[in-house]
1. For 283, 311, what's the largest-to-smallest order of accessible area, 1.4 Å probe?
2. With θ taken as phi - 60° and the coefficients 6.51, -1.76 and 1.60, list the Karplus ³J(HN,Hα) couplings across the stretch 285-297 in order, rounded to whole Hz; mark glycine and proline as x.
3. As a test question: what accessible area, to the nearest 10 Å², does residue 137 have when a 1.4 Å probe is rolled over all protein chains in place?
4. For the stretch 259-427, give the percent of accessible area contributed by carbon and sulfur heavy atoms, probe 1.4 Å, rounded to a whole number.
5. How many nm is it between the label spots at residue 130 and residue 147, if each spot is 7 Å from the Cα in line with the beta carbon?
6. Taking the Cα atoms of the stretch 259-427, what is the range of coordinates along each of the three principal axes, in descending order and whole Å?
7. What distance in nm separates the simple spin-label points at residue 297 and residue 338, each placed 7 Å from Cα in the Cβ direction?
8. With the other protein chains left in place, how much accessible area per residue, in square angstrom, belongs to the stretch 267-420 at a 1.4 angstrom probe?
Amino acid sequence: MKTHIFSLVFFLFSVAQGLNPKCETQDQDSNLQVLHIYSPCSPFRPSKPLSWEEDVLQTQAKDQARLQYLSSLVAKKSVVPIASGRQIVQSPTYIVRASIGTPPQTLLMAMDTSNDAAWIPCTGCLGCSSTVFDNAKSTTFQSLGCQAPQCKQVQNPSCDGSGNTCIFNMTYGGSTIAANLSQDTFTLANDSVSSYTFGCLQKTTGNSVPPQGLLGLGRGPLSLLSQTQDLYQSTFSYCLPNFRSANFSGSLRLGPVGQPVRIKYTPLLKNPRRPSLYFVNLIGIRVGNKVVDIPPSAIAFNPTTGGGTIIDSGTVFTRLVEPAYVAVRDEFQRRVKVANVTSLGGFDTCYTVPIVAPTITFMFTNMNVTLPQDNLLIHSTAGSITCLAMASAPDNVNSVLNVIANMQQQNHRIIFDVPNSRLGVARELCT
């Protein structure tokens, strides 16, 4: 089996409308074109660039919505329906390019490790974007009937009038969604997956639905891993580049071939309330050379309450439950030794003078991950403000969940080895 690599595009505050054909190049083997959100060839460049402060505040707002979503999963739901992640991916963080149907139609799909099923906007969808999958033009497209086993894997399934199509309607956030459960050929790089099950969106209302599709990389029955077990053996890794990288390239590598050999692993844990989420056992946090004092119950894995720590690709800034965050923040401020500490939105540890920051180490079972300054600090464009890029869980979320987010994962190869129930992390320059 060859190495399967997909390009990723990072973008915070935009929507996907398709690629600029003048800038497209031919994909080679399993490598797809990589675009920076603000590059001349990026279709996602904002028409009016936001200020740095506006960028930060908008990202925090989206992160807060995602935290609410993730907390609701572990608190209430055991089965996550197709398209449940729309509110929290209004501006997806990373996207991959996939071709769907016969002949293939290329779409940009949000990559999400905390969701399972794929969904895409289809022709005739009311409220969807102008970039849709024209299922009528695909000779391999089919709708799934209500007797299909996959119909039992979505929430509140129902039948159309003829009984030939499994449909579902749901409300999430400020949106309602109607979709048909469908199958077609998905082509990822040079690999074709026939009869891939996904949600074909028919109607959306509200402002929580992004215009492009979603590719779920969770562990549930309708995820990419579950539907391609023979091809990719439920193994993948990604490397996310530094925000300030000029090229801003990253990679998603599917399958066990080509993964790093020298890498440390920590066990993956499974919460029966939400078996798709990638839980790991966080046992402590070190600031500089000091292990900070965190009540064990604040970070303990608890399947009953949903408590614990997950690795998530869709949240930008790491969120810790309050006792853990306060302990980290206080020791960080003590070591920086700058009296004038200011705030910016949800960040309460910001400075207007240059600082020397200590490292922060996440201590997992059998594995420590030490983060340098690039993974810890965000700087204003002019360099006049520097903030610790972590925060406490939002006040309006009764959250027991710690989320290790994608800024803290940058320039690391993160390996999800599901058959062996382990997650690996190694430093890697992703650009």
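1. Output order, biggest surface exposure first: 283, 311.
2. Those phi angles translate into 9, 10, 10, x, 9, 10, 7, 6, 8, 10, x, x, 5 Hz.
3. Its accessible surface works out to 140 Å², give or take rounding.
4. 51
5. Once both label points are built, they end up 4.3 nm from each other.
6. 48, 37, 28
7. 3.7
8. Solvent-accessible surface per residue comes out at 38 Å².
The values are calculated or read from the model by the stated rules, or taken from the named source; none is laboratory data. Quantities reported herein were computed from a predicted structural model and do not represent experimental measurements. Note that we place each Cβ from the backbone using ideal geometry, even for glycine, and neighbour counts take in every protein chain shown. Only protein heavy atoms, including side chains, enter the accessible area calculation; ligands, DNA and RNA are left aside. Shrake-Rupley method; radii C 1.70, N 1.55, O 1.52, S 1.80 Å.
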